[in-house]
Amino acid sequence: MKFFSFWRSLASFRVRIALNLKNVPAEVIFVDLDANAHRDAEYRKINPQMALPALVEDDGTTLFQSLAILEYLDEKYPTPPLLPADISGRARVRALALMVACEGHPLLTPRVRRYLDHELNLRDSQQAAWRRHWIVETLAALEGHLAGNGHTGQFCHGDLPTLADICMVGHVTIAISQQIDLAAWPTVKRIFETAMALPEFAKAHPLAQPDTPEAMQPKA
């Protein structure tokens, strides 16, 4: 199995967590987004969308889009499960995951930032305001769904990590990188800290990857 990843890619972050939780080995191939390696013809053959991540099975089956990859891994390697056993629980977890992966995160991706910069000529301060607005809106929505909900436990849904936690930690990670104080969203903050205390999550963090620039790596 080959896993095409980039240290800063939040979608790759999700898949790294799932591979760790499932204890599934994969050959990691780094695709440098900053060097536009995702636009090279070689990678374009793997994913014509030129987006990360991609997962290629030994038989050549190619998977793309992080949520589809997560559900594929969950079906192929059912232990530990990433979705609850009950139908309503699965719907809730998927909805929480989609709030991040399909609504919040797409507005923060490099291709959107490039458009804001090159096509709309937005100043750095305007782009920072754009990022902060969408990060905060998603954090507030997550907190609204998680706080006081009887299905919320140690994690977003119950006491085991699910797709929802895998998606949420990436969004909180980018909030922290933008120096956004999490105090306004205590449930989100608590769950994030609980998840990131797990080695499977911690080892998947963007700043813990072999291709993380040395200047970005935490000091020992």
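The values are calculated or read from the model by the stated rules, or taken from the named source; none is laboratory data. Being a predicted model, the structure only gives us computed values, none of them experimental. A quick note on method: Cβ atoms are made from the backbone with ideal geometry, for glycine too, and the neighbour counts reach across all protein chains shown. Quick note on the areas: whole protein, heavy atoms, side chains included, nothing else; ligands and nucleic acids left out. Shrake-Rupley method; radii C 1.70, N 1.55, O 1.52, S 1.80 Å.
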| At a 1.4 Å probe, what is the % contribution of carbon and sulfur to the accessible area of the chain? | 55 percent
| said: Which order do you get for H105, H171 if you rank them by accessible area with a 1.4 Å probe, largest at the top? | reply: H105, H171
| task | Ignoring everything but the protein chains, give the 1.4 Å probe accessible area of I180 in square angstrom, nearest 10. | result | 10 Å²
| Straight-line reach from K189: which aspartates and glutamates have Cα under 14 Å away, leaving out those fewer than 8 places along the same chain? | E143, D165, D181
| Entry for semi-axes √(5λ) of the Cα gyration tensor in Å (calculated from the structure that is shown) out of (1) 33, 29, 14; (2) 27, 19, 19; (3) 25, 24, 16 | (3)
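Would you list D58, D181 from the most to the least accessible area, probe 1.4 Å? Can you show the working numbers first?
Values: D58 135, D181 110 Å².
Greatest to least solvent exposure: D58, D181.
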| task | Take every DSSP beta bridge whose two residues both sit in the chain, then give the antiparallel share in percent to the nearest 5. | result | 55 percent
| said: Using 0.36 nm times the number of residues separating A85 and A208, minus their current alpha carbon distance, what extension gain do you get? | reply: 41.1 nm
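Residues with beta-carbon under 14 Å from that of A183, excluding A183: net charge, scoring Lys, Arg +1 and Asp, Glu -1?
With Lys, Arg at +1 and Asp, Glu at -1, the net is -1.
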| How do W130, W185 stack up against each other in accessible area, from largest to smallest, with a 1.4 angstrom probe? | W130, W185
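Using alpha-carbon pairs under 8 Å, 6+ residues apart, how would you state the relative contact order of region 14-73 in percent?
Values: 44 pairs, mean separation 19.1, N = 60.
So the answer I get is 32 percent.
Where the eigenvalues come from the Cα gyration tensor of region 7-62, what are the semi-axes √(5λ) of the equivalent ellipsoid, largest first, in whole Å?
On the way: eigenvalues 78, 43, 14 Å².
Ellipsoid half-lengths, sorted descending, are 20, 15, 8 Å.
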| Per residue, how many Å² of accessible area does region 72-218 show with a 1.4 Å probe? | 53 Å²
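With n ≥ 4 as the cut-off for DSSP H runs, can you work out [θ] at 222 nm for the chain, using -39500 (n - 2.57) per run divided by the number of residues, rounded to the nearest 500? Intermediate values should be presented prior to the final figure.
Working: 9 runs with 100 residues, N = 220.
Value at 222 nm, helices only: -14000 deg cm²/dmol.
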| field | Surface accessible to a 1.4 Å probe, M50 within the full protein complex, Å² | value | 50 Å²
| remark: Simple spin-label estimate for R132/Q154, 7 Å along Cα→Cβ, in nm, reads 3.6 nm
| request: Would you compute, for the Cα atoms of region 6-115, the largest minus smallest coordinate along each principal axis and list the three values in descending order, in whole Å? | output: 43, 33, 20
| remark: Rounded to the nearest 5, the percent of DSSP beta bridges in region 1-120 running antiparallel is 60 percent
| task | Treat each spin label as a single point 7 Å out from the Cα along the C-beta direction, and report the R44 to A95 distance in nm. | result | 4.1 nm
